[in-house]
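The block underneath contains the structure these notes are about, expressed in structure tokens.
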Amino acid sequence: MILEAINYAATYRKTPPEFRPYIRYSVNLWARANRCGKAWAEHEENSQRFILTAAAKLRQRRTAVVLGSGLLRDVPLKQLAAAFDTVVLVDLVHLASVRAGLWRHARSTVLSSRDLSGYDQLQAGQLLEPLSFLRQVPYLDFVISANLLSQIGTGVRKRIEKEPANAMPKDTLPRLIHAHIDGLSGLPCKACLVTDTAFEVIDKNGALHQKEDLLHGVTVPKIAREWDWPVVPFGEESRDYQIIHKVIASDLT
């Protein structure tokens, strides 16, 4: 708990005020990742390998943008920083623990704090283009959506719960998820996506107790790879069950 408190405090002053409510979630995820490192290793390796394979297809490697950079455990930052002139890391929160590891790549790495969901645009009745800012990124050759898509749905659902009844359209979740996929698919550069699509709660006997669609009925096109990610292995929350997330990787362009 002491390390979590230090990370939270150090992150707070570096985070824009509107995004500070999300620091606690990021710190909790960081703590879980540290506890579950062995169980998460295969997922992180699969994600990094897929991103590097996509990057290897490029003729030019000037600017890469990572959407949902998070803890950077599933992103091969070292290799991307070596291959590209600039790597832009975009997320709501950049933890102090993550920032501390970026000094080796300070010349090529840029941090950007941004809400990528499109929620505010939809609420205001504006044209839904949550990734339109990418048009302003110079020399953009590569965009990676890194285990972000399902989090858009999860985060938005929590925001809707705090809103008055009928404040948002009933199809808000699938619309925002679609908008992210469409935004990536419409880019003039290489774009790839890694995301979990569903989770299953499974007991020690292999019996399925719960299953949930994290993309709310939206289908991701051009799937290249699939794998399982034990986000909550046995012993993390209970000795009696584990929670397995289904992950896909897609070459959208």
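The values are calculated or read from the model by the stated rules, or taken from the named source; none is laboratory data. Everything numeric in this text was worked out from a predicted model, so none of it was measured. In this analysis, Cβ positions are derived from the backbone assuming ideal geometry, glycine residues included, and neighbour counts consider all displayed protein chains. SASA here: full protein model, heavy atoms, side chains in, ligands and nucleic acids out. Shrake-Rupley method; radii C 1.70, N 1.55, O 1.52, S 1.80 Å.
For a quick check of your reading of the model, give me the residue pairs whose first member lies in the range 1-15 and is in contact (Cβ under 8 Å) with a residue 12 or more places away in the chain, whose second is open to solvent by 100 Å² or more (accessible area, probe 1.4 Å) and part of a helix (DSSP H, G or I), with beta-carbon atoms closer than 9 Å and at least 6 apart or on different chains.
Y8/R24
Among the residues of the range 182-198, write down those that are open to solvent by less than 10 Å² (accessible area, probe 1.4 Å) and not small (G, A, S).
L184, C192, L193, V194, T195, D196
Can you pull out the residues in the range 73-103 that are open to solvent by less than 30 Å² (accessible area, probe 1.4 Å), farther than 19 Å from R20 by Cβ and modelled with pLDDT of 95 or more?
D74, V75, P76, L77, L80, A81, F84, V87, V88 - these are the residues of the range 73-103 that are open to solvent by less than 30 Å² (accessible area, probe 1.4 Å), farther than 19 Å from R20 by Cβ and modelled with pLDDT of 95 or more.
State whether one or more residues within the range 199-207 are at pLDDT 95 or above, surrounded by fewer than 21 Cβ atoms within 10 Å (Cβ to Cβ) and of a type in the set (V, I, T).
Scanning the range 199-207, I find at least one residue that is at pLDDT 95 or above, surrounded by fewer than 21 Cβ atoms within 10 Å (Cβ to Cβ) and of a type in the set (V, I, T), so the answer is yes.
Check N147 against each of (1) in contact with an Asp or Glu (Cβ under 9 Å, 6 or more places away or on another chain); (2) more than 21 Å from I51 (Cα to Cα) and name the one condition it does not meet.
The failed condition is (2).
For residues in the range 26-54 being closer than 26 Å to Y119 by Cβ and touching a residue at least 60 places away in the same chain (Cβ under 8 Å), which is surrounded by the fewest Cβ atoms within 10 Å (Cβ to Cβ)?
Looking only at the range 26-54, we keep the residues that are closer than 26 Å to Y119 by Cβ, and these are 26-30, 32-33, 47.
If we keep only those that are touching a residue at least 60 places away in the same chain (Cβ under 8 Å) too, we end up with 26-27, 30, 32, 47.
Values: S26: 23, V27: 22, W30: 22, R32: 16, S47: 25.
Per the criteria, the residue is R32.
Let me spell it out: the conditions are (1) assigned to a loop (DSSP other than H, G, I, E, B); (2) under 14 Å from V88 (Cβ atoms), and L134 meets all of them except one. Which number is the exception?
(1)
Could you check, for the range 127-134, whether at least one of its residues is open to solvent by 20 Å² or more (accessible area, probe 1.4 Å), modelled with pLDDT under 95 and out of contact with any helix residue (DSSP H, G or I) (no Cβ under 6 Å at 6 or more places or on another chain)?
yes
Could you tell me which numbered condition A165 fails, if it satisfies all but one of (1) within 12 Å of the chain's Cα centre (by Cα); (2) open to solvent by 30 Å² or more (accessible area, probe 1.4 Å)?
Just one mismatch for A165, condition (1).
Could you give every pair whose Cβ atoms fall below 6 Å, whose first residue belongs to the range 157-183 and is modelled with pLDDT of 90 or more, and whose second residue is of a type in the set (S, T, N, Q), counting only separations of at least 6 or pairs across chains?
That search, which allows pairs on different chains as well, returns L176/S117.
Hey, can you tell me all the residues within the range 109-126 that are in a loop (DSSP other than H, G, I, E, B) and either open to solvent by less than 20 Å² (accessible area, probe 1.4 Å) or within 19 Å of G70 (Cβ to Cβ) (or both)?
Initial filter on the range 109-126 (in a loop (DSSP other than H, G, I, E, B)): 114-118, 124-126.
Within the range 109-126, R114, D115, L116, S117, G118 meet the criteria.
Quick check: anything in the range 138-150 more than 20 Å from L193 (Cβ to Cβ) and open to solvent by less than 40 Å² (accessible area, probe 1.4 Å)? Steps first, please.
Step one: filter the range 138-150 for residues more than 20 Å from L193 (Cβ to Cβ), giving 138-139.
From what is left, the residues that are open to solvent by less than 40 Å² (accessible area, probe 1.4 Å) are none.
No, the conditions are met nowhere in the range 138-150.
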